Structure formats: C-alpha cells, structure tokens
Amino acid sequence: MRAAILRHGDLVVDTVPDPVPGPGQVLVKSLVCGICGSDLHAHKHGPRMVDVSRRIGGRPPMDLSRDIVFGHEFCAELLDHGPGTTRKLKPGTRVCSMPIVMTAEGPRTVGYSNEFPGGFAERMVLNEALLIEVPNGLSAEHAALTEPLAVGIHAVEKAAARGDEVPLVIGCGPVGLAVIAALKLKNLRPIIAADFSPARRKLAERLGADIVVDPAATSPYQAWMEKAAIDGVVPAAVWSATPPYKPALIFECVGVPGVLQQVFEGVPRGARIVVVGVCMEIDKIEPMFCISKELNVQFVLGYTPEEFARALRLIAEGQVEAQALITGKVGVDGVKDAFEQLGNPERHTKILVEPWR
Ligand SMILES: [Zn+2]
C-alpha cells in the first residue's frame, strides 16, 4: 500500500506491506487523517522523542532506523475482521478509534510505532473493541477531528473547574482551539485567549473565545485581570497578597521553551495552570515564582476512552464548529509539503490527509 513514510528522518512516499489484523483486530481503510503538532515534533525531534520515551518507560519507542507511518487523528472504513473478533460492525462502516492497538506484548500507539502504520497510509490495523461507529450524516473530515478535540476536553476535565474561574488560553493552535471549544461546552466564561497570529485569534473567536488578545500589543494577563477583577478593582501588583480576582485557570497551549516561565511570571497568586502544550525540549523555570504565588500546575496528555467518545458525539451534534479548523487537504504526495506549510499559523490550522487519493 502507498504511504507517506518517515524514513531516516525524511518524509517520503513509497509502498509498505499491508498490515494484517491479529487476534481481536480489524483491517480498515484510512479515509482521512489530520496532521498533528506531535507529528511535526516527531519529524523534527525524532531522536529526542525516542530518547525521552525510553527513559520514561512504558511503550517501546519507535526505531528510527526503520520505516514509520504517522497519523493518529483518523476516520476510517472497516474492511475486514481478524481472528477472534465479534464482527459486530459490518465492513463498510465508518469508524473512529483511539490510536492504540493492544497486542500480546502490551499496547502500541498507531502512528508512532514500526508495527502499526498510522492514517497516512491506505490501510491500518485497529482494535475491534476500541472502534466507535461514526454517526450517520457526519462527514469523515469532521469525524477525524475527534482526537484533537478529545485533547481539549481532557485538559478541561483535568482542570476540575468549580465554575467560578476565569479561563485564559495561551496559544490558539489546534490544541488551544480545542481547549477553547471544550471551555465553551462547559460554559466556563468569559474565555480569554491569546495568540500572536490574527488568523488564529479569529478562529479562537469562532470556537468560543469571548476576548482575544494579541500579546504583541496587550499583556494577556492584564486582559485577564480586567475581566476577572471583582467589583472592577485592579490592584497595582498581580501578586498582591489578597487579589480581588475570580480564580485564575490558565491553559498553556504553546509548548515551547520559555513559555512556562512567562506564565509563572504573569499569572496572579493562587492560579491553577494546566499545561497542554507539548514541549519536547529541556526548559528552565524559576521555582520561586511558583513558590511565592503558590501556583498549582497540572500537566496533561491524551484523553480517556469516555472523553474520546464524547468528542465524537459533540462534533456529530454540531456543538463544535469543526469545519473552522480544517484549512487544507492533501494526498500522501502532499504530506511533506504540508508539514512545512503548517509552520505558518496565518495559513493553516489543520491539514487533513486522504491517503486513497
Ligand atoms: Zn495529536
């Protein structure tokens, strides 16, 4: 089958062997698969990613000397059942799934393993037990946004909001936008969002941000203070001992070195910070800011099966403006170029790959 392949650090188009479903697994056709920021990271910082995952332990890291097919944000069509399956869903059914396959040796990540090619190939193998049928009438393009939306839903769940917080979202790339959509669904408002890109600020508004801030012109924290101040009182210092503010809930959705420290310096005392951006490099922080302000920092990753299923349901119900996120579609031949294009936030948010093209 044809696929966009990470081979020796480069993205090439070639054929790879069709995957064969094992016990409890199914063979699917990849209908559409989004390119994720993590794919860009893995392409650029592959060796670092492998080194870190080896040190963290758990799932075995990718072997970069062998072919890898990325793609974990997919909608697929069921083609065939492997041995030991219930065959509950008929071939032809459109499905979504968390990008995980259970094997006798433990779970493997679809799209970040040498054995399980992701959605940038024509075929994939998935677990029958993890398949969720795509509701009738929902397009494959929109269904493919389930995975990135689930990331936002999970981040907001992990924040365990009480309901009186004023959220601030730093960074409005796909992750920040998913967080904004999830905040809106929870009706945690007003939602303040910051991004240097005018196009992304516009998207943030479409997805539910009430106030958007250009950090080059206005401090996001100043904007937050103005909205969160109780009785309109804005004290001179953000870290005054008893801030007359509603509780601060900050979502860091950038994931590059230096941003965490900026957040620690900018937020008010007692803020809760949810780190959703995936920084793959070594970062430096001054703990004294966190200590003095008694900050609470929660790192998050992924989602639960329930959150994943909920994300698909919410998209199907039209509660999330999925279409706004999609800025391009390519075949496997266009993947390499799309990886470069995604560096420009003015042009692109989510590029979808259709491997059958
Ligand atoms: Zn992703």
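Brief remarks on what is shown
- Amide H contacts of residue 277 (H built 1.01 Å from N, under 5 Å, at least 5 apart or other chain): 252, 253, 254, 255
- Taking 0.36 nm per residue of sequence separation and removing the Cα-Cα distance, the residue 229/residue 15 pair yields an extension gain of 71.2 nm.
- Amide N proximity, segment 293-336 versus residue 139 label position 7 Å along Cα-to-Cβ, cut-off under 17 Å: 315-331
- Residues whose placed amide H lies under 5 Å from that of residue 80, excluding near-sequence neighbours: 27
- Leading residue at positive end of dipole, segment 4-107 (Cβ point charges), from 25, 13, 38: 25
- Distance (nanometres) between label positions extended 7 Å along Cα→Cβ at residue 217 and residue 105: 5.4
- Total charge dipole magnitude, segment 175-298, about the Cα centre, Cβ charges on Lys, Arg, Asp, Glu only, Debye to nearest 20: 420
- You can think of it this way: the chain between residue 199 and residue 357 has 54.0 nm of extra reach, that is 0.36 nm per residue less the Cα-Cα gap.
- For the listed peptides 99-111, 142-154, 10-22, a ranking on the average number of other beta carbons within 10 Å per residue, highest first, reads 142-154, 99-111, 10-22.
- Burial order of peptide ranges 126-136, 52-62 (average beta-carbon count within 10 Å, highest first): 126-136, 52-62
- Amide proton proximity set for residue 103, modelled H, under 5 Å, gap of 5+: 108
- Each part reduced to its alpha carbon centroid, segment 197-220 and segment 278-312 end up 21 Å apart.
- When the chain is described by a simple charge dipole with +1 on each Lys and Arg Cβ and -1 on each Asp and Glu Cβ, the residue from 325, 312, 253 located farthest towards its positive end is 312.
- Relative contact order, percent, the chain [alpha-carbon distance under 8 Å, six or more residues apart]: 18
- Full extension of the chain between residue 162 and residue 88 gives 22.6 nm of extra length, using 0.36 nm per residue less the Cα-Cα distance.
- DSSP-defined beta bridges in the chain - what % are antiparallel, rounded to 5: 60
- The chain: angle of helix 174-185 to the longest principal axis, Cα-based, in degrees nearest 10: 70
- With the simple model of a label 7 Å out from the Cα in the direction of the Cβ, residue 281 to residue 262 spans 1.3 nm.
- Label positions at residue 292 and residue 54, each projected 7 Å from the Cα along the C-beta direction, are separated by 4.1 nm.
- Only Lys, Arg, Asp and Glu carry charge here, each on its Cβ (+1 for the first two, -1 for the last two); on that basis the chain has a dipole of about 360 debye about its Cα centre.
- Relative contact order (percent, whole number), segment 134-266, Cα cutoff 8 Å, 6+ residue spacing: 25
- When the helices of the chain are scored as -39500 (n - 2.57) per DSSP H run of n ≥ 4 and the total is divided over every residue, the value at 222 nm lands at -8000 deg cm²/dmol.
- Entries in 88/186; 158/293; 29/186; 158/284 that, when Cα-Cα distance is taken, lie over 28 Å: 88/186; 29/186
- When the chain is treated as a GNM with alpha-carbon contacts under 10 Å, the residue of 51, 80, 214 showing the greatest mean-square fluctuation is 51.
- Karplus 3J(HN,Hα) series, Hz, for segment 94-105 with 6.51 cos²θ - 1.76 cosθ + 1.60 (x for Gly, Pro): 8, 9, 10, 7, 4, x, 10, 10, 7, 10, 4, 8
A short reminder: the numbers here are calculations on the coordinates, not readings from a lab. Keep in mind that what you see is a predicted model, and the values were worked out from it rather than measured. As a convention, Cβ positions derive from the backbone with ideal geometry for all residues, glycine included, and neighbour counts pool all protein chains shown.
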